[in-house]
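Heads up: the structure comes next, in structure tokens.
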Amino acid sequence: MEHQKSTDGFGLVNFITDWWDGPKSGFADYNGSIHSFERIFDEQIQDWTLSYWLRPVSNKEYLLQKESYTLFLEWLKNNDKARVHPLEDMENIRYQELRQLLAEFEHRFYDEEYIGEFIATKIEDKDKFGINGFNKYTVKWTRKDGN
């Protein structure tokens, strides 16, 4: 899935799938295409770094991940004590199908280490799922080795 390059060096963050003191993983534009990113944990200091692994993703993988994430957000919006998390909900047929389809991509390796500079560009009162304080982000990727 191709995206237009940003002229200021920042690309769109399509969605963030995990967060801990900043984006941990998700999907963002880099060099005109969508990449998966994953924050690197430093075992020596026992903390998250500002570095990320990046890898390009296919249109198929991206659309499957996006659908899976949308189902998760719908669960989050409607979360009540009676509904279990989609990962544990064996009756959520589509979510379980998506997990199986996404297994094909689990062992794709990340290419290079980058530093990600994430900037919140817009804070909405609510996203389409009614979650308060939903942020829109852009990100600038710089290779860790400086090249």
| said: One residue is enough: does the stretch 67-90 have a residue meeting the conditions at pLDDT below 80, among the β-branched types (Val, Ile, Thr) and either crowded, with 16+ Cβ neighbours inside 10 Å or part of a helix (DSSP H, G or I) (or both)? | reply: no
| query | How do the pairs read when you match residues in the stretch 15-27 that are free of Cβ contacts under 8 Å to residues at least 24 places away in the same chain with residues anywhere that are open to solvent by less than 10 Å² (accessible area, probe 1.4 Å), using Cβ under 7 Å and keeping only pairs 6 or more apart or on different chains? | reply | Ser25/Phe37; Gly26/Phe37
| task | State the number of residues belonging to the stretch 17-34 that are within 9 Å of the chain's Cα centre (by Cα) and closer than 17 Å to Leu63 by Cα. | result | 5
| remark: Note: among Tyr95, Tyr62, Tyr52, just one is more than 15 Å from Asp18 (Cα to Cα) and either at pLDDT 85 or above or outside any helix (DSSP H, G or I) (or both), namely Tyr62
| Can we say Phe118 is modelled with pLDDT under 85 and closer than 17 Å to Ala28 by Cα? | no
| said: The conditions are (1) part of a loop (DSSP other than H, G, I, E, B); (2) modelled with pLDDT under 65, and Gly133 fails exactly one of them. Which is it? | reply: (1)
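The values are calculated or read from the model by the stated rules, or taken from the named source; none is laboratory data. The model shown is predicted, which means the values in this text are computed figures rather than measured ones. Glycine gets a Cβ as well: all are built from the backbone with ideal geometry, and neighbour counts include every protein chain shown. What goes into the accessible areas is simple: the full protein's heavy atoms, side chains included, and nothing from ligands, DNA or RNA. Shrake-Rupley method; radii C 1.70, N 1.55, O 1.52, S 1.80 Å.
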